[in-house]
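Visitor: One structure coming up, written as structure tokens, with questions to follow.
All of the numbers you see were taken from the coordinates with simple rules; none came from a lab. Source: prediction; values computed, not measured. Here the Cβ is made from the backbone with ideal geometry for all residues, glycine too, and neighbour counts use every protein chain on show.
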Amino acid sequence: MQIVLDYYNYWACILIMMIGFYGIMAKSNLVKKVISLAIFQTGILVFYISTGKIDGGTGPVRVADGAAEAVYSNPLPHALMLTAIVVGVSTMAVALAIIVNIRQAYGTIDEVDIETMEHERGE
Amino acid sequence: MQMTDLPPAAVLFAGALLLPLFKGKWRFAVALALPLLALADSWAVITEGGASFIPFMGMTLQPVHVHAATPVFATIFCIMLAGGVLFSMNDDRRVELTAAFVYAGGALGVAFAGDLVTMFVFWEVMTLGSTIIIWSGRQNDSYGAGLRYFGMHALGGVALLMGIIIVVTQRLHEGAADPLAFGHFSAMVDGWSHLGWDNAGMWLILVGMLVNAGAPPFSSWIPDAYPEGSTSGTVFLSAFTTKTAVFTLLVAFAGVEVLIYLGVYMAIYGVVYGVNANNMRRLLCYSLVNQVGFMLIGIGVGTKLSIDGAAAHAFAHIVYKALLLMATGSVLAMTGKFRLGELGGLYRTMPVTMWCLIIGGLSISGFPLTSGFTSKSMVVQAIVDESSRMAALGEPHTYLIVTWFLFQAATAGVFLDACVKLTWFIFFQKDSGLRPPDPPWNMKAAMIAFAFICILLGVFPGILYQILPYQGEAAEYAKVVYSLEHVMVMLGMLGFSGLAFFLLLPILKRGSYIHLDIDWIWRRFIPRFWKEVLLPLLQQLDNAQKAILESLPGRGMRDANLPPPIARRMGNMWAVSVPVFLIVLMLLVYLVVYFVIPTL
Amino acid sequence: MSDEPKTPGTSNRVLIAWLVGAAVLVAIVAVDYTVHHHAHFAADGIDVDAMPEFFPVFGLVCGFVLVLISKTLSIALKRKDTFYADD
Amino acid sequence: MELIRHNLPALIVVTPLVIGLLTSIIGRRGLGWWMAMGTTAAGLAMSVQLLVDVLAQGDRTVEYLMGNWPVPFGIGYSVDPLNATVLLIVSLLGAVITLYARKSVASEVPAGKLNFFYALWLFCITGLLGITITGDAFNLYVLLEISSLSTYTLVAMGKDRNRRALTAAVNYVVLGSIGACFYLVGVAYLYMATGSLNIADIAERLQPIYASWGTEAPIYQKTVITGFAFMAVGLSLKLALFPLHGWLPNAYTYAPSSVSALLASTATKVGAYAFIRVIFTLMGVGFAFGRLHTDVALMVCSGAAILVGSWLAIRQTNVKKLLAYSSIAQIGYIALGFALANKDGITASVIHLFNHALTKGGMFLALGIVMYRVGGTRLSDLRGLGRKLPITMGAFTAGGLGLIGVPLTSGFISKWYLVSACLEQGRYELAAIVLVGSVLALVYVWRVVETIYFGKREDEVNVREAPASMLVPTLILVGASIYFGVDSSFTTHIAGEAADFLLKVKP
């Protein structure tokens, strides 16, 4: 029990990721799949940022000379996650663009319906 | 440039490239000259000693190397090709002739291969050439038979390649000086009895070679594929593949006991199936298996005399088997019929063919004054000698005695089969009403030439004996080969097995039948088993799996796998759900591996 | 198919051929009786092959046995020659 | 000149990126290909120069600091024999396939999108080169995504031929993103444990952590292990190692011909490289294999990949898909090689990276010609083409022989080393699997070859041999794959260097 409480932030991240996973697996609507993917990625972002958090730490801002010991959160994960967010957004954009094309080509964005159509076509 | 710099096989490959450029008489002249040139080159290499090396992956290839048995095989391969060219020349079969040169070139290449890789490459060249010859046969089932033939030999080739890779890497790890060397596996023959990972390479090489030799359970490809060649194609086919296999076995596996058992099986199998055969060329293919069986016995016994015998028998056999197939091919060409039941009475109009067939038939049975007698009796004598040597040492040798009796029985059987039966049904029995003339001059010339060689080697065995691997032993044997006792053994056996044929004539009726062989397993049983047992079973599993999937929540998961049967399913992972599920599963597996294994 | 098929034994030449064959066999038997055969496996006490007329008898028996074996097998293994083509 | 040479590691990545950007904004049609061609040719020259430089160095490494920031803080590029080889593979195949792409792409992609196509093409190559050269774990993720994002789009551009390209692409987006995210999670865990992102630096900082294991107070044990597990799964997916190959067959099948060739010959190779780098340089082979037994997992996966991939290839009726499944099997060979972790094994792996890129690239290009001339790549489309397209089909057949591993083709060399490595480790069952894989390869190659040469065409279309601009690249690749089978001294030399380099780096 202790391990759950101590690391509640990590467990929460894992929960978010698992929700995303479930969506990717179980939803047949492609947009919902992509949204689930975004949820999954968000879980990772939160996870990363929470690794940089230090109890009682402040923002990594230079404090006046002679002030008390400056304890600040690690800024690097934040910086990295900015890049990761950009990557995630790009992924979303590409995926949605492809889905728009799928809608034009098939008239549906339901994975199961598409598969059925292709199966009937003999692909 | 000296002649010895030129690999003999290259002459024939050059021929394969050149031939399509010529027409008519020139084509004939070139095709006939090239094998003779290759023969001259072979002998130049044999007398000078070959020494060309090519670096390969830090090792050396030796494409021109002279083994003890090389002279015999190189000589006969060249003679055979020339004879086959002569026989085939009236018929314009361009593809087949080119393929025959590639095929013979491969065989000649193997005979001069000093390392395993060169041997393998030429080995596969042969497979390619021979498959094309079968395909150019234009018989009913040429295409299918060629495919089966190719499949069988490709698999044999893969076994060979696997074996070579394993053996060479083992040798590299042992730090052998010449890891690629193609020579006798003496060290492995000693530890023969157990089959384990460490000598798996050698076993695979043996299996690869045995596939080409037509050893059980792969004997059936010979009678399946060879009769589908054209009249001349089958002549070429009969000469090279099995005999090259005999050559390689002779080089690598002399003295391996298991070859004796395989040889005995083949000798008996050939006779038993031959008696039932109705297609005259298929009958000869069965007797081909029988004769290769004799050679394997010779290799398996492994004394100098028996190896000489096996090599000499290969030489003699190529000649008389080609002769027999030329004669039956002539009958086929002139009548268009190949079933024994439909022939008969041809002695009236095809006397040359008849006499050639009889000479071939007598040779294959080892009748005195023919080549078969002088070659086969060496193996017989070697079995007796080895048996008495082992008896003196007190080693178990009962198997040699049994082998000797079965060997003699098969000899008697093959006379009944390939000589008396064939001659009787084609040229005598009832009159079929057919009155075909003898074949064109070139076919006759080829037959007469080969018949002449059969008699020549029977009367003057010394000619052949002096190019055998162990000439000393052969020369000793030449003094006793025509003892009265030897002659009477053969005459008594052959004469009375011929009598048995005529006594049993009433039950030897011919019908349009084939007889099932081991290949039934992969031609009929496995396909049927797959279609009627395994596939329905898999479909049942499929339904069960679908039921499970349907009970899951969420449409994507449930319907991820749509109707396609399991055969399509595995190849169609379009749906995202299954791969994603696998990702999670793999993560779990890795975590388990990482967390559990280090603590164990 | 010209005239009616002749069966062996109806013409003189065929009769002569049969007689020559029989004479050869008789001659073989006669000569074999005079030849001394060594036992090939004397060391093992097997001397059956040194008996007079062993090989003629052996050849005859082998001929019979092999034909009978293959005919027996034939009963079980015989198929129409279109067997595999039927697939 | 000296300036360029000094900055080669950066230039090799930055050039295609910048030119790619330019390509996407220029208006003139037809210019895109020229820019791509020039860039890839320059890239080839640079990678050759880099390889020469690396082999000339005593310690076999060339270090480069981005913006001169020292290593744990800035991004460092480091080139050693292994990634110099992979760079050569990527830029060589990139250049040759670009040469080929002009006509092929013009026939498969609408004219209005050609410039975008080549922009993405260059981005893809940028990403692949970047992954190979970077020495920074997070930078690797970013470059992985650059190449992946452009690849998704390139695959989707096959939609005008077959709308199935779209579904294949969206599928690839989802799976590829998950794979990259897994890798990112892995990096996060390692960052938690070590506080560094530079691969060499992480490896150094992991040493005290490893040393603490088995003692009373192990530090960061679970963190490090979990990180490795995530990384291994993420990279297995990028590498398409069985059973995580789900995205590959359809992506290869429905992408435009040139894209299939580029993907098949470079993308998975770079994935394999990244995996090798993580195991040997980051984790250290002694820890990854010795303690965690990753090698067992890898051997099982790659053995299954060889068997299942080949088996599935046999069952395909679309030749492109058949080659795709064959790639899965070939990836098995590569993974098996480095899982064995001895000199022969790594040599086999690296040689096979090279040989398979040439062979499979050449075969996909030959299929692209079929697509160009006949309009499809199903078995029925290839029937009887042996007479109509003798050169193309000859090249395809020669490539097929290489897949089987016939002597005197490059496939033979790789398999030779691989079997040798298996035997050295006493893994006879794996040697057997490798050889069984060859038999299965024989079957699937034979199926196609039989169709090509013995199949009868129903429609008597008049098909001509392809234009030289497509034939020449095909013949270059297939010819090279044969050449390196006959004279393997170059490949074995650089692969041997790479193996020595990797095995010297002990934890």
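Visitor: Can you work out the Karplus-derived ³J(HN,Hα) for every residue in the range D:434-444? Use 6.51 cos²θ - 1.76 cosθ + 1.60 with θ = phi - 60°, whole Hz, and x for glycine or proline.
Guide: Along the range D:434-444, the couplings run 4, 6, 4, x, 5, 5, 5, 4, 4, 5, 6 Hz.
Visitor: I need the calculated FRET efficiency for the pair residue B:528 and residue D:315, taking r as the beta carbon distance and R₀ as 25 Å, to the nearest 0.05.
Guide: On the way: r = 19 Å, r/R0 = 0.78.
With a Förster radius of 25 Å, E is 0.80.
Visitor: Residue B:90 to residue D:160: FRET efficiency via 1/(1 + (r/R0)^6), r the Cβ-Cβ distance, R0 45 Å, to the nearest 0.05?
Guide: Working: r = 58 Å, r/R0 = 1.29.
The calculated FRET efficiency here is 0.20.
Visitor: Related question: Among C:67, A:85, B:298, which residue has its Cα positioned farthest towards the positive end of the charge dipole of the protein assembly as shown, with +1 placed on the Cβ of Lys and Arg, -1 on the Cβ of Asp and Glu, and the dipole taken about the Cα centre?
Guide: A:85
Visitor: OK, next. Please provide three numbers in whole Å: the alpha-carbon extents of the range D:293-507 along the principal axes, with the largest listed first.
Guide: 63, 32, 24
Visitor: Another question, then. Taking each pair of distinct Cα atoms in the protein assembly as shown once, what is the resulting Kirkwood hydrodynamic radius in Å?
Guide: 34.4 Å
Visitor: Can you give the FRET efficiency to the nearest 0.05 for residue B:596 and residue B:548, using r as the Cβ-Cβ distance and R₀ = 35 Å? Show your work: numbers first, answer last.
Guide: Values: r = 28 Å, r/R0 = 0.79.
In this case the efficiency is close to 0.80.
Visitor: While we're looking at this one, here's another question. Just grab the label-to-label distance for residue A:7 and residue A:85, each label 7 Å out from Cα along the Cβ direction, in nm (one decimal).
Guide: The modelled label-to-label distance comes out at 2.6 nm.
Visitor: When each pair of different Cα atoms in the range C:12-86 is counted once in the 1/r mean, what is the Kirkwood radius in angstroms, to one decimal? Intermediate results must be reported in sequence, preceding the final value.
Guide: Details: mean 1/r = 0.0620 Å⁻¹.
By the Kirkwood definition, the hydrodynamic radius is 16.1 Å.
Visitor: Hey, another quick one. Using packing as a proxy for protection, rank B:340-347, D:134-141, B:208-215, B:502-509 so that the peptide with the highest average count of other Cβ atoms within 10 Å comes first. Display every interim value, and only then the final one.
Guide: Details: B:340-347: 19.4, D:134-141: 24.2, B:208-215: 26.2, B:502-509: 13.0.
Highest-to-lowest ranking by the protection proxy: B:208-215, D:134-141, B:340-347, B:502-509.
Visitor: What's the Cα-based Rg to Rh of chain B, Rh via Kirkwood?
Guide: Numbers: Rg = 27.2 Å, Rh = 25.9 Å.
Dividing the radius of gyration by the Kirkwood radius yields 1.05.
Visitor: Same structure again: Mind putting a number on the dipole of the range D:293-507 about its Cα centre? Charges go on the C-beta only, +1 for Lys and Arg and -1 for Asp and Glu, and I need it in Debye to the nearest 20.
Guide: Dipole about the Cα centre, nearest 20: 520 debye.
Visitor: Could you check what % of the DSSP bridge pairs in the protein assembly as shown are antiparallel, to the nearest 5? Walk me through the numbers on the way to the answer.
Guide: Details: 18 of 19 bridges.
DSSP beta bridges in the protein assembly as shown are roughly 95 percent antiparallel.
Visitor: Using the Karplus curve 6.51 cos²θ - 1.76 cosθ + 1.60 with θ = phi - 60°, what ³J(HN,Hα) values do you get for each residue of the range B:123-136, in whole Hz, with x for Gly and Pro?
Guide: Along the range B:123-136, the couplings run 4, 6, 4, 4, 4, 4, x, 5, 4, 5, 4, 4, 5, 7 Hz.
Visitor: Here is a follow-up. Report, in debye and to the nearest 20, how large the dipole of the protein assembly as shown comes out about its Cα centre when Lys and Arg carry +1 and Asp and Glu carry -1 on their Cβ.
Guide: Working: 82 positive and 79 negative charges, 802 e Å.
Computed about the Cα centre, the dipole is about 3860 debye.
Visitor: Could you tell me how far the Cα centroid of the range D:3-27 sits from the Cα centroid of the range B:322-398, in Å?
Guide: The range B:322-398 and the range D:3-27 have Cα centres spaced 78 Å from each other.
Visitor: Here is a follow-up. How long, wide and thick is the range B:373-530, going by the Cα atoms along their three principal axes, in whole angstroms, largest first?
Guide: 57, 52, 35
Visitor: Please give the net charge around residue B:517, taking every other residue with its beta carbon less than 10 angstrom from that of residue B:517, where Lys and Arg add +1 and Asp and Glu add -1. All intermediate terms of the calculation are to be shown ahead of the outcome.
Guide: Working: positive: B:523; negative: B:224, B:519.
Overall, the nearby charge balance is -1.
Visitor: Would you mind listing how long the range D:280-412 runs along its three principal axes, going by Cα atoms, in whole Å with the largest first?
Guide: Answer, in whole Å and largest first: 56, 27, 24 Å.
Visitor: Given the DSSP H assignment, sum -39500 (n - 2.57) over each helix run of at least 4 residues in chain D and divide by its residue total; what's the result at 222 nm in deg cm²/dmol, nearest 500? All intermediate terms of the calculation are to be shown ahead of the outcome.
Guide: Working: 22 runs with 379 residues, N = 507.
Calculated from helices alone, the mean residue ellipticity at 222 nm is -25000 deg cm²/dmol.
Visitor: Over the residues of the range D:1-157, compute the C-alpha Rg and express it relative to 2.2 N^0.38 Å. Display every interim value, and only then the final one.
Guide: Details: Rg = 15.8 Å, N = 157, 2.2 N^0.38 = 15.0 Å.
So the Cα radius of gyration is 1.05 times the expected 2.2 N^0.38 Å.
Visitor: Considering chain D, what Rg and Dmax in Å follow from its alpha-carbon atoms?
Guide: 21.7, 79
Visitor: Then there's this: Per DSSP H run of at least 4 residues, take -39500 (n - 2.57); add these up for chain B, divide by its residues and hand me the 222 nm value, nearest 500 deg cm²/dmol. All intermediate terms of the calculation are to be shown ahead of the outcome.
Guide: Values: 26 runs with 407 residues, N = 600.
Roughly -22500 deg cm²/dmol at 222 nm, from the helical runs in chain B.
Visitor: Could I ask something else about it? Using the basic label-point model (7 angstrom from Cα toward the beta carbon), what is the residue D:24 to residue B:585 distance in nanometres?
Guide: 3.8 nm
Visitor: Now for a separate question. Could you work out how far apart the two model spin labels at residue C:53 and residue C:76 are, taking each label as a point 7 Å from the Cα in the direction of the beta carbon, and quote it in nm?
Guide: 3.6 nm
Visitor: What net charge do the residues around residue B:172 carry, taking every other residue with its C-beta under 11 Å from that of residue B:172, with Lys and Arg at +1 and Asp and Glu at -1?
Guide: Numbers: positive: B:171; negative: B:174, B:178, D:344, D:424.
Surrounding charge for residue B:172 is -3.
Visitor: When Rg is the radius of gyration of the Cα atoms in the range D:388-460 and Rh is its Kirkwood radius, what does Rg/Rh come to? Kindly include the intermediate steps, with their values, before the conclusion.
Guide: Numbers: Rg = 15.6 Å, Rh = 13.6 Å.
Rg/Rh for the range D:388-460 comes to 1.14.
Visitor: If you don't mind, there's one more thing I want to ask. Going by a ≥ b ≥ c, the root eigenvalues of the Cα gyration tensor, does the range B:51-99 fall in the rounded group (a/c under 1.5), the prolate group (a/b larger than b/c) or the oblate group?
Guide: oblate
Visitor: Here is a further query. For the range D:343-375, state which chymotrypsin sites (Phe, Trp or Tyr not before Pro) are in a DSSP loop and have at most 14 other beta carbons lying within 10 Å of their beta carbon. Walk me through the intermediate numbers first.
Guide: Details: sites: D:354, D:364, D:372; in loops: none.
Those that pass, being in a loop and sparsely packed, number zero.
Visitor: To the nearest Å, what is the center-to-center distance of the range B:498-518 and the range D:390-425, using C-alpha atoms only?
Guide: Value for the Cα centre distance between the two parts: 49 Å.
Visitor: Per residue of the range D:357-373, what does 6.51 cos²θ - 1.76 cosθ + 1.60 with θ = phi - 60° give for ³J(HN,Hα)? Whole Hz please, x for Gly and Pro, Karplus curve as stated.
Guide: With the stated coefficients, the range D:357-373 comes to 4, 5, 5, 5, x, x, 5, 5, 5, 4, 5, x, 5, 4, 4, 5, 8 Hz.
Visitor: Further question: May I ask you to list the residues of the range D:80-106 whose amide nitrogen lies under 20 Å from a point 7 Å from Cα along the Cα→beta-carbon direction of residue D:464?
Guide: Under cut-off, by backbone N: D:100-106.
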